[in-house]
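**Q** If you scroll down you'll find the structure; I have some questions about it.
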């Protein structure tokens with residue numbers, strides 16, 4: 001599965017398998033990962049991006065784990081926009097949007113990334129200008 005986290009495409013493979021394997025390496029017990037709900041995943045994403053605003057680029061291992069977890073728990077999301085505006089005071093102020101993007105679009109974005117040409121602008125035009133507002137977290 002391809003997953004867009006801000007302006008980085010991750011190839012997660014099977015999202016549940018990836019989340020479970022990565023979760024174990026990050027100190028989570030398998031049972032806890034199975035019990036985890038989407039709200040907890042959103043909270044974890046907000047906390048991680050609050051601490052590290054460019055998480056997808058600076059800590060891709062953690063970003064891929066969170067992406068896989070979100071994809072697994074929602075059953076449909078394959079794109080995440082997580083923005084920590086300057087001068088925020090708490091993780092709850094991190095703004096999130098999630099979307100389900102077509103495989104064609106994701107493949108095109110992956111090709112741009114592989115060529116070193118993927119930008120925030122191309123992601124916004126391809127994904128976020130078309131994602132319904134109701135999908136905000």
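The values are calculated or read from the model by the stated rules, or taken from the named source; none is laboratory data. Bear in mind that the values here come from a model prediction, so they are computed numbers and not experimental data. Here the Cβ positions follow ideal geometry from the backbone for every residue, glycine too, while neighbour counts run over all protein chains shown.
**Q** Give me the helices (runs of 4 or more DSSP H) completely within segment 32-116, filtered to those with at least 3 residues that are touching a helix residue (DSSP H, G or I) at 6+ places or on another chain (Cβ under 6 Å), in contact (Cβ under 8 Å) with a residue 24 or more places away in the chain and closer than 21 Å to residue 16 by Cα, ordered by residue number.
**A** Of the helices (runs of 4 or more DSSP H) lying wholly inside segment 32-116, those with at least 3 residues that are touching a helix residue (DSSP H, G or I) at 6+ places or on another chain (Cβ under 6 Å), in contact (Cβ under 8 Å) with a residue 24 or more places away in the chain and closer than 21 Å to residue 16 by Cα span 38-51, 60-74.
Quick grid of which residues meet (1) under 22 Å from residue 126 (Cα atoms); (2) under 10 Å from the mean Cα position of the chain (by Cα); (3) surrounded by 13 or more Cβ atoms within 10 Å (Cβ to Cβ):
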residue: 57; (1), (2), (3): yes, no, yes
residue: 67; (1), (2), (3): yes, yes, yes
residue: 82; (1), (2), (3): yes, yes, yes
residue: 88; (1), (2), (3): no, no, yes
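**Q** Which of the residues belonging to segment 13-31 are closer than 30 Å to residue 86 by Cα and in a helix (DSSP H, G or I)?
**A** 19, 22, 23, listed by residue number.
**Q** Can you name the number of the only condition in (1) part of a helix (DSSP H, G or I); (2) touching a helix residue (DSSP H, G or I) at 6+ places or on another chain (Cβ under 8 Å); (3) at pLDDT below 95 that residue 125 fails?
**A** Answer for residue 125: the failing condition is (2).
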